[in-house]
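So the structure is just underneath, and the comments pick up after that.
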Amino acid sequence: MSSINEIQDEIVSEFEILGDDRESTIFYIMELGGNLEDFPVEEQKEDNIIKGCQSKVWLIADENDGKVHFKADSNTDITKGLISLLIRVLNDRTPEEIIHADLNFINRIGMGSIIGSQRSNGLASMIKQMKLYAIAFQTKLNA
Amino acid sequence: MNFDVNQIRGLFPVLHQEVHGKPLIYFDNAATTQKPKQVLEALTSYYEKDNSNIHRGAHALADRATQYFENTRESVRRFINAKESAEIIFTKGTTESINLVAQTFGRKFIGKGDEIIISTMEHHSNIVPWQMLCEATGAVLKIIPVHENGELDFQEFEKLLTSKTKLLSVVHASNALGTINPVKKMIDAAHAVGAKVLLDGAQSTSHLEIDVVELDCDFMVFSAHKLYGPTGLGVLYGKREILEAMPPFLGGGEMIKEVTFEKTTYNDIPFKFEAGTPNIADVIAFDAAIEFIDSLGKKAIKEHEDELLSYANELTADIKGFQPIGTAKQKVSVLSFNINGMHPFDVGQMLDARGIAVRTGHHCTQPLMKRFGIEGTVRASFAVYNTKSEIEQMAEGIARIAKIKNK
């Protein structure tokens, strides 16, 4: 399995191929949402909604053999694409790796200017929630 | 000035820019319109030459500023054909105007068990102030339903009117759908049961001829920034006898006649409702915006905007997955829609990638969205400076976006 930084490098080069065309970039992000694992309908509940996102984003996580596995869903396709990128980088890692991950691909892609300030705030909330899950699992594993 | 859209565009500096490498197409006019050079120049000129506090100043600058300020009041009077300029009160905006009426007229004349009628298509700013009033007084809010095409259910409205009705507060043109309501008929019907009527003109005043005497509304409220004027400025029109009977809204300077620690007497209208130093610069600049609209004429403006709307309807009609929301017979230039299988926010962001500015979401009309069973819409709203070529580019963008989920 590639490291967090290797996957980030991969993502950055994929976005570089798209060039400066904003519309193609957004289409691409929307397509990425198709990579998300199926999300259980019964988990689309208030408790799993990430606070701070304008669109609805549901995130759940479980831990297996010391690694955290995320599943997510959203009611908007662009948001699905964004969270699928985060999951690609952080999925099936140890809590330690997730907590300390420096997600530099977001700035390297220039994601802020692609998705605008509202969605950037949402993206930050998603990262925070994923790290909070990791902290919770780490506490549990160390108990 | 003849209606020459290129000449008009020349007056709006903000339109001449690129967004994400594409020429800006500004279709968010129902949220706020852009400002012509005359308005910007009036703002600068005031601060460069005339800045001073108005009324009561014993010097030349205060005199000039006062005169320009009061000139705007007279222009607004003419703009809506009020009987006298004292019936024009400057506020922060439509929202404040409605709150002013709710907290003064409402507190004094509406009590327990009385009824206030609003409609399903109201902006939150014409819902929440009345809910607050009802909570404080025990009055009851009654809601006019909306048909599937976005028109008000007039029969149901008539059923709601009773001797308990004290106020009808209704939007003239819907911000979310564009529907123009049959307000003259509604005002007459409300008056027949002895109710007063507040007309929310935030979305109608830039498109339609307004004559408050002919309409016979008791209050009319609107905002300067949707009329090519500055932000932070609104108007409350009220009939003299009603304004005089209302208690003041805010206490402070300007609104008093005499203050002693024993008793304060209030100033006459309009000053009774304009406590504190008003938004002088923006009021003065608003005069230039009214002059701009007058120079084109509402008739020519409406014709141009109607043409844009029907062109947009025509070009989007056959796009697979395109779902217009609000298809009333009488509309201002608002095209509200969804694309099958897509979230409005995503559609808006993709149009933005093409330099096209639209609004997405519930447009501060959540009860209306609920009525249609949707979370929100994409809203394109057109103004005097928009062109058919811009409509073509938007339709092309919508077609491309719709294809993603509607092959």
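What number of residues within the stretch A:116-132 satisfy the criterion of being free of Cβ contacts under 8 Å to residues at least 60 places away in the same chain and within 14 Å of another protein chain (Cβ to nearest Cβ)?
So the answer is 4.
Table: residues versus (1) at pLDDT 95 or above; (2) surrounded by 18 or more Cβ atoms within 10 Å (Cβ to Cβ).
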{"site": "B:Thr327", "(1), (2)": "yes, no"}
{"site": "B:Ala357", "(1), (2)": "yes, no"}
{"site": "B:Pro367", "(1), (2)": "yes, no"}
{"site": "B:Glu375", "(1), (2)": "no, yes"}
{"site": "B:Ala383", "(1), (2)": "yes, yes"}
{"site": "B:Lys405", "(1), (2)": "no, no"}
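Yes/no matrix, rows are residues, columns are (1) under 23 Å from B:Ser174 (Cα atoms); (2) hydroxyl-bearing (Ser, Thr, Tyr); (3) buried (at least 23 other Cβ atoms within 10 Å of the Cβ); (4) touching a Gly at 6+ places or on another chain (Cβ under 9 Å):
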position	(1), (2), (3), (4)
B:Ala86	no, no, no, no
B:Ser97	yes, yes, yes, yes
B:Arg107	no, no, no, no
B:Lys112	no, no, no, yes
B:His124	yes, no, no, no
B:Val128	yes, no, no, no
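Check whether at least one residue in the stretch B:131-141 is among the small types (Gly, Ala, Ser), more than 29 Å from B:Thr32 (Cα to Cα) and in a helix (DSSP H, G or I), and report yes or no.
There is at least one residue in the stretch B:131-141 that is among the small types (Gly, Ala, Ser), more than 29 Å from B:Thr32 (Cα to Cα) and in a helix (DSSP H, G or I).
Assuming B:Ser389 fulfils every condition listed in (1) without any contact (Cβ under 8 Å) to a residue 24 or more places away in the chain; (2) under 26 Å from A:Gly33 (Cβ atoms); (3) surrounded by fewer than 20 Cβ atoms within 10 Å (Cβ to Cβ) apart from one, which condition is it?
(2)
Would you confirm whether or not the stretch B:251-270 contains a residue that is in a helix (DSSP H, G or I), crowded, with 18+ Cβ neighbours inside 10 Å and over 19 Å from the mean Cα position of the chain (by Cα)?
No: the stretch B:251-270 contains no residue that is in a helix (DSSP H, G or I), crowded, with 18+ Cβ neighbours inside 10 Å and over 19 Å from the mean Cα position of the chain (by Cα).
Could you check the stretch B:357-380 and list, in sequence order, the residues that are within 13 Å of B:Ile401 (Cα to Cα) and touching a residue at least 60 places away in the same chain (Cβ under 8 Å)?
Once the filter is applied, which keeps residues that are within 13 Å of B:Ile401 (Cα to Cα) and touching a residue at least 60 places away in the same chain (Cβ under 8 Å), the stretch B:357-380 yields nothing.
Give the residue, chosen from B:Asp50, B:Asp63, B:Asp4, B:Asp28, that is crowded, with 17+ Cβ neighbours inside 10 Å, more than 18 Å from the chain's Cα centre (by Cα) and at negative phi.
After applying the criteria, what remains is B:Asp50.
Kindly check whether there is at least one residue in the stretch B:147-164 that is assigned to a strand (DSSP E or B) and either assigned by TED's automatic domain parsing to the domain that holds B:Ile374 or touching a residue at least 40 places away in the same chain (Cβ under 8 Å) (or both).
no
Condition check ((1) surrounded by fewer than 23 Cβ atoms within 10 Å (Cβ to Cβ); (2) within 14 Å of chain B (Cβ to nearest Cβ)) across all residues:
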{"position": "A:Ala61", "(1), (2)": "yes, no"}
{"position": "A:Asp65", "(1), (2)": "yes, no"}
{"position": "A:Ser74", "(1), (2)": "no, yes"}
{"position": "A:Ile78", "(1), (2)": "no, yes"}
{"position": "A:Ile87", "(1), (2)": "yes, no"}
{"position": "A:Asn91", "(1), (2)": "yes, no"}
{"position": "A:Ile98", "(1), (2)": "no, no"}
{"position": "A:Ile114", "(1), (2)": "yes, yes"}
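Among the residues in the stretch B:258-266, are any in contact with a helix residue (DSSP H, G or I) (Cβ under 8 Å, 6 or more places away or on another chain) and in the same structural domain as B:Ser85 (by TED's automatic domain parsing)?
Yes, the stretch B:258-266 contains a residue that is in contact with a helix residue (DSSP H, G or I) (Cβ under 8 Å, 6 or more places away or on another chain) and in the same structural domain as B:Ser85 (by TED's automatic domain parsing).
Can you tell me how many residues in the stretch A:17-48 are β-branched (Val, Ile, Thr) and within 14 Å of another protein chain (Cβ to nearest Cβ)?
Of the residues in that region, 3 qualify.
Take B:Glu291 and tell me if it is assigned to a helix (DSSP H, G or I), acidic (Asp, Glu) and in contact with a His (Cβ under 9 Å, 6 or more places away or on another chain).
no
If you scan the stretch B:134-146, which residues turn out to be out of contact with any Pro (no Cβ under 9 Å at 6 or more places or on another chain) and touching a residue at least 24 places away in the same chain (Cβ under 8 Å)?
If the condition is that a residue be out of contact with any Pro (no Cβ under 9 Å at 6 or more places or on another chain) and touching a residue at least 24 places away in the same chain (Cβ under 8 Å), then B:Ala136, B:Thr137, B:Gly138, B:Ala139, B:Val140, B:Leu141, B:Lys142, B:Ile144, B:Pro145, B:Val146 are the ones that fit.
What pairs come up if the first residue lies in the stretch B:106-128 and is free of Cβ contacts under 8 Å to residues at least 60 places away in the same chain, the second is assigned to a helix (DSSP H, G or I) and polar (S, T, N, Q), and their beta carbons are under 8 Å apart, counting only those six or more places apart or on different chains?
What qualifies is B:Ile110/B:Thr137; B:Gly111/B:Thr137; B:Lys112/B:Thr137; B:Asp114/B:Thr137; B:Ile118/B:Asn126.
Mind counting the residues in the stretch B:329-341 that are within 12 Å of chain A (Cβ to nearest Cβ) and surrounded by fewer than 21 Cβ atoms within 10 Å (Cβ to Cβ)?
1
Going through the stretch B:49-106 one residue at a time, which ones are assigned to a helix (DSSP H, G or I), hydrophobic (A, V, I, L, M, F, W, C) and more than 26 Å from B:Ala139 (Cα to Cα)?
Within the stretch B:49-106, B:Ala60, B:Leu61, B:Ala62, B:Ala65, B:Phe69, B:Val76, B:Phe79, B:Ile80, B:Ala86 qualify.
For every residue, the table says whether it meets (1) within 29 Å of B:Glu18 (Cα to Cα); (2) without any contact (Cβ under 8 Å) to a residue 60 or more places away in the chain.
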residue	(1), (2)
B:Thr265	no, yes
B:Pro270	no, no
B:Asp282	yes, no
B:Ile319	yes, no
B:Ala328	no, no
B:Leu335	yes, no
B:Gly348	yes, yes
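The values are calculated or read from the model by the stated rules, or taken from the named source; none is laboratory data. All values derive from a computational prediction rather than experimental measurement. Ideal geometry is used to build each Cβ from the backbone, glycine not excepted, and the neighbour counts take in all protein chains shown.
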